[in-house]
Amino acid sequence: MAERSTAAVDVANSSAAKAGKATADGTEAAKTQENVVGTHEDGGRAESGGTARPDQPTELHSGHKLAGRYRLEECVTRLEGFSSWRAVDEKLRRAVGVHLLPADHPRARSVLAAARSAALLGDPRFVQVLDAVEENDLVYVVHEWLPDATELTAVLAAGPMEPFDAYQLVSQVSQAMAAAHREGLAHLRLGPGSVLRTGSGQYRIRGLAVMAALRGITSDSPQRTDTEAIGALLYAGLTQRWPYEGNAHGLAGLPKGVGLIAPDQVRAGVHRGLSQLAMQALTSKGQEQPCTTPEELTKAVAAMPRIRPPETPFTAAPTYHRPQPGGYGPQAAHPAPATPPPPLQSRTGTVIKWVVSSLLIAALGLGSWQLADTLLKHGDKDDDTRQSQTSDERAQKAVSHELRIKNASEYAPDGKPQHESQVPQTYDGDPSTSWRTATYKDGPVLAPYKSGVGIVYDLGSVQKLTSAKVDLRWGGDNTTVAFYATDGLHPSKDPQAMTPMKRVKTTSKTAQFKLAKPVETRYILLWMTAVPNNPYDGATFTEPGFKQAINEVRFRGR
């Protein structure tokens, strides 16, 4: 399909640039266009060809350019007459997100107004709106794309949050929303999918005002709506459960007929103060000090005793006991040896010393001869016994165990991730769920379109890695996977600058390896550089082409 030409619109002429919101920093886009078949984030197919919906322009497809600079890469959402894309700003060479809808869409005016108002806020705690434009019968909103951030959905999928992390979540999000409401802006769609956590532990909120406008959502009490949403986020963080009946955001809901119960009644060990805070935000019934606005919630958080981060465990230095004056102090753990008597100085003493020494030498010589004779007679038997004992000891030391994965993050050095929200599905214990790559038209080697795709796994602490097993969705051709020991969830070096622990090529649905010598590391990068060619898969709604998916990853160590 021929690409529709569009007039170049300089960012300085947009409302976001007038407000000083466009920034020149960001992730550099790839120099070559990625040859990818777009797919929905929720699993639905986003086909670039075929019959288009009557309210959606037919020429929108991967590779299409807006304003001569925003190149559409992958459709992540398509519903209710609008679509959302991952794109590349070719002028500033960075990844961006784009919302698109026809200019005659019934919500086009409200979306433009919401985007321009959000752009004027300029609060760094929100994902920034960079452009909001109407041209050629099309309305589009351009916003930041944060490839190094993790959706709260993925964080919650990994398990309940620690008290300090939950405290930071409610504190930062409530403060940000209080600032937005002071400027007359509401979110109304605040959920785990609209909250991102960066590598430094900061939370960023995306879709302020815009997501509600896209969905046509309004509220008679917007402050109360956003406050309850923050309470739901805190509740989910403490319990890994959604505080309403019915499953949502990948979380199980509360049992039917039970009603809303406090988090510390859902899960043992929940911080009592945070549990009460969640209930204050979620409901005013039966609460002594209910929170009905983000500002009130912010004050309630500030009134709590501050929750500090867990201390790093350390090994105490050995204790040394200094003798107290007068000799009445505590006794030393290991008393000093008694002072030996002075050596004999007389001639008699010298003779005695020589006699004793001669006897000792003779005894040692006799003992050595007897020992050697015994070894010569029974050498084979003793060798077998010693080897058996050594083997048993080594086997006992070498018993490996599964290393628990504490966290993980998709690694995309080019700023174009595959499916970040699916990463926790590679270690959730469910082989029916997976993280999948995009679908490529050429392969099996991903270069030059991408140097590779992969995930960094966090073991929680330094472990001795001995082996790994990766269960893949597809076989065929060859899947090439390299494993690296890295310095964090967001490695400071590219794989090209590191030496892999192991590189595996496989045509089956399993990639595994064993290390001859354990490697001590906390972070492991799984880096895939070649993927097999496979047909259309209805289970994952992916087009035919070169692609791969990871069902489960397991690491073992000592």
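The values are calculated or read from the model by the stated rules, or taken from the named source; none is laboratory data. Keep in mind the model is a prediction, meaning the values are calculated, not measured. With ideal geometry, Cβ positions are generated from the backbone for all residues, glycine too; neighbour counts draw on all protein chains shown. When the accessible area is computed, the model is the full protein with side chains, heavy atoms only, and any ligands, DNA or RNA have been set aside. Shrake-Rupley method; radii C 1.70, N 1.55, O 1.52, S 1.80 Å.
Just one of the numbered conditions (1) of a type in the set (D, E, K, R); (2) assigned to a loop (DSSP other than H, G, I, E, B); (3) modelled with pLDDT of 85 or more; (4) under 20 Å from T198 (Cα atoms) is not true of D414; which one?
(3)
Would a scan of region 417-429 turn up a residue that is open to solvent by 40 Å² or more (accessible area, probe 1.4 Å), part of a loop (DSSP other than H, G, I, E, B), more than 16 Å from L489 (Cα to Cα) and not polar (S, T, N, Q)?
There is at least one residue in region 417-429 that is open to solvent by 40 Å² or more (accessible area, probe 1.4 Å), part of a loop (DSSP other than H, G, I, E, B), more than 16 Å from L489 (Cα to Cα) and not polar (S, T, N, Q).
Determine whether K450 is more than 25 Å from G250 (Cα to Cα) and open to solvent by 50 Å² or more (accessible area, probe 1.4 Å).
The answer is no for K450.
Here is a check on your reading of the model: is G452 in contact with a helix residue (DSSP H, G or I) (Cβ under 7 Å, 6 or more places away or on another chain) and either of a type in the set (S, T, Y) or modelled with pLDDT under 95 (or both)?
yes
What's the total number of residues in region 510-542 that are in contact with a Gly (Cβ under 8 Å, 6 or more places away or on another chain), at pLDDT 90 or above and within 24 Å of S409 (Cα to Cα)?
11
Could you count how many residues in region 460-499 are within 17 Å of R404 (Cα to Cα), among the β-branched types (V, I, T) and surrounded by fewer than 20 Cβ atoms within 10 Å (Cβ to Cβ)?
1
Name the one entry in A132, A103 that is over 27 Å from the mean Cα position of the chain (by Cα), more than 29 Å from G250 (Cα to Cα), surrounded by fewer than 20 Cβ atoms within 10 Å (Cβ to Cβ) and not acidic (D, E). Step through it out loud before you land on a result.
Working: A132 fails: surrounded by fewer than 20 Cβ atoms within 10 Å (Cβ to Cβ).
Residue meeting the stated conditions: A103.
Considering only residues that are assigned to a loop (DSSP other than H, G, I, E, B) and under 23 Å from the mean Cα position of the chain (by Cα), which ones fall in region 135-177?
Going residue by residue through region 135-177, those that are assigned to a loop (DSSP other than H, G, I, E, B) are 136-137, 145-149, 158-162.
Listed by number, the residues that qualify are W145, L146, P147, D148, A149, A158, G159, P160, M161, E162.
State all residues of region 122-169 that are of a type in the set (A, V, I, L, M) and farther than 30 Å from L274 by Cβ; if no residue qualifies, say none. Can you show your working first?
Step one: list which residues in region 122-169 are of a type in the set (A, V, I, L, M), which gives 127, 129-130, 132-133, 138-139, 141-142, 146, 149, 152, 154-158, 161, 166, 169.
Correct list: V129, L130, A132, V133, L138, V139, V141, V142.
If you go through region 248-266 one residue at a time, how many are open to solvent by 80 Å² or more (accessible area, probe 1.4 Å) and either at pLDDT 95 or above or within 29 Å of R306 (Cβ to Cβ) (or both)?
2
Just one of the numbered conditions (1) touching a residue at least 40 places away in the same chain (Cβ under 8 Å); (2) polar (S, T, N, Q); (3) open to solvent by 80 Å² or more (accessible area, probe 1.4 Å) is not true of T542; which one?
Answer for T542: the failing condition is (3).
When you check H181 against the structure, is it in a helix (DSSP H, G or I) and either open to solvent by 30 Å² or more (accessible area, probe 1.4 Å) or farther than 21 Å from R86 by Cα (or both), yes or no?
Yes; evaluated as a whole, the condition is true for this residue.
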